[in-house]
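*Asks:* One structure, pasted below without further comment.
Values in this text are rule-based calculations from the coordinates and carry no lab data. Nothing here was measured: the structure is a model prediction, and the numbers come from that model. Cβ: placed from backbone, ideal geometry, glycine included. Neighbour counts: every protein chain shown.
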Amino acid sequence: MLACARIGAPHSVVFGGFSADALLSRIQDADAKLVITADGGFRKGAAFALKPAVDEALKGQHNVEKVLVVQRTKQETAWTARDIWWHDIVGRQSVEHVAESFDAEHPLFILYTSGTTAKPKGIFHTTGGYLTQVAYTHKVVFDLKPETDIYWCTADVGWITGHSYVVYGPLINGATQVMYEGTPDTPHKGRIFEIVEKYGVTILYTAPTLIRTWMKWGDEFPQAHNLESLRLLGTVGEPINPEAWMWYREIIGGERCPIVDTWWQTETGAIMISPLPGVTATKPGSAMRPIPGISAKVVDDNGTPVADGHGGYLILSEPWPAMLRGVWGEDERYKETYWSRFSGIYFAGDGAKLDNEGSIWLLGRVDDVMNVSGHRISTTEVESALVSHEAVAEAAVVGATDAMTGQGIVAFVILRSGVAHADGDELNTQLRNHVAKEIGAIAKPRQILIVNELPKTRSGKIMRRLLRDVAEDRVVGDATTLADPNVMKLISAGLHSAKEED
């Protein structure tokens, strides 16, 4: 990535777990000329192959001229005339290289993100504005002190969080950071905390889904390690429910670490809404306010800003340095997706509400806001209510068509370790009543299914569209990006046998 930036070659990083078809579609869309890969990588203590996916992808139509291969695992590797070993060619190059200068608007990278259609969107960012904002936000949001801090963002480099807050932001700011190749449960479930203790990590930036996984595993894993080096915690990727926020602060942060709950997108390039440590008072589950220089508002259907205490759509009304410059090769799709809803205003696609003090609470994607008997109910609110019950470790909620109410609420829950669910009907009743107590009777789930796993991408995000397919009794859509595609078969079978409540 850094070498590409130095010579002005826009890069498109593709997550290593994607299929050959997904890789080919990205190669074709970007019209790539060079693919850089490795013979393989390591996961859970074992080597796995990477190059075969490239070979399979390049059986399709493409304009790739060369494949540069890094030798890591030294496993047997098929070879073609276009393949070149990294170690054969890099060692022969001069150690001197004069870096060129490029215009601030020169493309830096393309990163593909899911859209409402089957084809992913190639979001492209330019050099000057993007690098400026990721450096600024990394410094101020995390209160970075390069001389003393040990920073760790657990994101994969293949996603925007990895681009902005593993690669570019920390390196521009001279941060000392941890990079980890592995899973959080190998060789044991305390692996993350073991690393925090070993290297004296001071800043930890991770996703709510991992925090909820830690909660499910139990307090004993973090409590087995000395985490006193931590001084600041961050969350990214989706709204965090208050229960997980409190657990994160109490168990991981020892009730002393501020939490920066950050909102931003692949499209925004960098953090847009977040508390600032030492400046902003925090509320569990709220991203609070836009950072200085960012104009984020909550508006109604007409694009009019809502009053405190009301909800609507999150928009950005003024330009920002790291904003996307387009969808690669699809100008009309760019305009339609982001600029057509409200004239001259960026539509983020997220629902949000303002509390009585004007703090922003993110409600998830607009299509994750349900309409039950004319009431707009956020999936995040119902999920937070479910997770606040002592028996529940994690929950995902979707809306399904209902002849009486427009939409009915269908919930999928994972129980905490040690909680028995032999008497599912009784527990379901308890959970429905708990949601009614927390939010109101209108938010009671129509169905609750207890599951062992939720459908998550390899980056940890819950694929609610697949759950909606199951809840609507539709054919389940493309599940190739899931960490475990087989989980949908189990969920589908379970929901069809689950009891519906009146």
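*Asks:* Would you mind classifying the stretch 202-276 by shape? Square roots of the alpha carbon gyration tensor eigenvalues, ordered a ≥ b ≥ c; an a/c under 1.5 is rounded, otherwise it is prolate if a/b is larger than b/c and oblate if not.
*Replies:* Prolate is the answer for the stretch 202-276, as a/c is 1.5 or above and a/b outweighs b/c.
*Asks:* For a Förster distance of 30 Å, can you work out the FRET efficiency between the beta-carbons of Arg191 and Arg416, rounded to the nearest 0.05?
*Replies:* E(calc), rounded to 0.05, equals 0.90.
*Asks:* Report, largest value first, the span of the C-alpha coordinates of the stretch 2-101 along each principal axis, in whole Å.
*Replies:* Largest first, the stretch 2-101 extends 38, 31, 28 Å along its Cα principal axes.
*Asks:* Let me ask another. Calculate log10 I(q)/I(0) of the chain for q = 0.05, 0.08, 0.12 Å⁻¹, where I(q) comes from the Debye formula with a single equal point scatterer on each Cα and nothing for solvent.
*Replies:* Cα-only, vacuum Debye calculation for the chain: -0.20, -0.52, -1.24.
*Asks:* Sticking with this one: Which percent, nearest 5, of DSSP beta bridges in the chain are antiparallel? Don't skip to the answer; put the middle values down first.
*Replies:* Values: 45 of 71 bridges.
Of the beta bridges lying entirely in the chain, close to 65 percent run antiparallel.
*Asks:* Could I have the simple spin-label model distance between Asp219 and Met246, label points 7 Å from Cα toward Cβ, reported in nm to one decimal?
*Replies:* Here the modelled spin labels are 1.2 nm apart.
*Asks:* Tell me, in nm to one decimal, what length is gained between Asn371 and Asp331 on full extension, where the rule is 0.36 nm per residue of separation less the Cα-Cα distance?
*Replies:* That pair, Asn371 and Asp331, stretches by 11.2 nm at full extension.
*Asks:* What FRET efficiency would be calculated for the residue pair Tyr180, Ala403, taking the C-beta separation as r and a Förster radius of 45 Å, to the nearest 0.05? Can you show the working numbers first?
*Replies:* Details: r = 49 Å, r/R0 = 1.10.
For R0 = 45 Å, the calculated efficiency reads 0.35.
*Asks:* Please label the shape of the stretch 88-242 as rounded, prolate or oblate, based on the square roots a ≥ b ≥ c of the eigenvalues of the alpha-carbon gyration tensor (a/c under 1.5 means rounded; beyond that, a/b larger than b/c means prolate, else oblate).
*Replies:* Details: a/c = 1.82, a/b = 1.46, b/c = 1.25.
Verdict is prolate for the stretch 88-242.
*Asks:* Let me check against my output: what whole-number percent is the relative contact order of the chain, with C-alpha pairs under 8 Å and at least 6 apart?
*Replies:* Rounded, it is 10 percent for the chain.
*Asks:* Going out from 0 in 10 Å bins, what whole percent of all Cα-Cα distances in the stretch 122-364 drops into each bin?
*Replies:* 7, 31, 35, 20, 6, 0
*Asks:* When only alpha-carbon atoms are used, what values of Rg and Dmax, in angstrom, describe the stretch 159-244?
*Replies:* My reading of the Cα-based Rg and Dmax gives 13.3, 37 Å.
*Asks:* Would you mind getting me the FRET efficiency between Val90 and Leu171? Use the beta-carbon distance for r and R0 = 22 Å, nearest 0.05.
*Replies:* Efficiency at R0 = 22 Å is approximately 0.65.
*Asks:* Could I ask something else about it? Taking the DSSP beta bridges in the stretch 2-101 as the whole, what percent of them are antiparallel, to the nearest 5?
*Replies:* Here the antiparallel bridges make up roughly 35 percent for the stretch 2-101.
*Asks:* Taking 0.36 nm per residue of sequence separation and subtracting the Cα-Cα distance, how much length would be gained by fully extending the chain between Ala47 and Arg82, in nm to one decimal? Provide the component values of the computation, followed by the final result.
*Replies:* On the way: separation 35, 0.36 × 35 = 12.60 nm, distance 2.43 nm.
Taking 0.36 nm per residue and subtracting the Cα distance, the gain is 10.2 nm.
*Asks:* Can you tell me how much longer the chain between Lys74 and Val475 gets when fully stretched, taken as 0.36 nm per residue apart minus their C-alpha distance, in nm with one decimal? Mind dumping the intermediate values first?
*Replies:* Details: separation 401, 0.36 × 401 = 144.36 nm, distance 4.16 nm.
Contour length minus Cα-Cα distance gives 140.2 nm.
*Asks:* Here's a follow-up. Add -39500 (n - 2.57) for each DSSP H run of 4 or more in the chain, then divide by its residues: what number comes out at 222 nm, to the nearest 500 deg cm²/dmol?
*Replies:* Per the formula, -7000 deg cm²/dmol.
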